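Below you'll find the structure, written out as C-alpha cells, and then a few comments.
We did not get these values from a lab; they are worked out from the coordinates using the rules stated. Every value quoted in this text rests on a predicted model; they were computed, and no experiment measured them. Note that we place each Cβ from the backbone using ideal geometry, even for glycine, and neighbour counts take in every protein chain shown.
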Amino acid sequence: MSADGTWDLIVDSPSGRQRVRVDLRTEGNQLVGNVTNRTNKRVADVVEGAVHGTSLAWGSTSVTTGAKLAFTTRIDGDTMTGNVETGLFGRFGVSGRRESRASAPCDSLALLVSGWCDG
C-alpha cells in the first residue's frame, strides 16, 4: 500500500483538535512532502521520512512553536492512525483519511504536479 497522497489528519492535542493536511510522496523507502496546519495555513517540510511496509515515520517542525515533531503512523488502505511526539509538550494521537482525488483542493501545485484540478 502506497503512502502517496494528501492526508487529512486530526491531532488530538491538549489545546484541542488540530487539523493538518499532510502531502506525502514515497521515493523508495524515503518519505517526502509537507505538513500544512489547516487553521493558520502555515507549511513545514517533512524531514527524515521513512516507509517500512505500512509503517510511516517522519519529522517536521511546528512553525508556530518551533517544536520538533516526530510522527509514527500506520496506514490501512485510506486510513492513517498513530502518534506525534512533540518533545516537552508530550505525545498525541493522530488519525485521518487520505483525500480522494475528487476532494483534493485545487491549487497551482496540484495542477503543476498532476496536471489535474477539479476547479
Checklist entry - Going by how many other beta carbons lie within 10 Å of each one, how would you line up S55, S100, S62, fewest first? => result S100, S55, S62
Next on the checklist: Could you list F71, F92 so that the one with the fewest beta carbons within 10 Å of its beta carbon is first and the one with the most is last?
Outcome noted: F92, F71
Checklist outcome for this item: Those trypsin sites (Lys or Arg not before Pro) from region 1-103 that are DSSP loop and have at most 16 other Cβ neighbours within 10 Å turn out to be R38, K41, R42, R101
Checklist entry - Summing Lys, Arg as +1 and Asp, Glu as -1, what charge do residues with Cβ under 13 Å from the Cβ of G49 carry, G49 excluded? => result -4
Checklist entry - Using θ = phi - 60° and the Karplus curve 6.51 cos²θ - 1.76 cosθ + 1.60, what whole-Hz ³J(HN,Hα) does each residue of region 12-27 get, with Gly and Pro shown as x? => result 8, 9, x, 8, x, 6, 10, 8, 10, 9, 10, 9, 10, 9, 8, 10
Next on the checklist: Report the Cα-based extents of region 5-114 along its three principal axes, largest first, to the nearest Å.
Outcome noted: 39, 31, 21
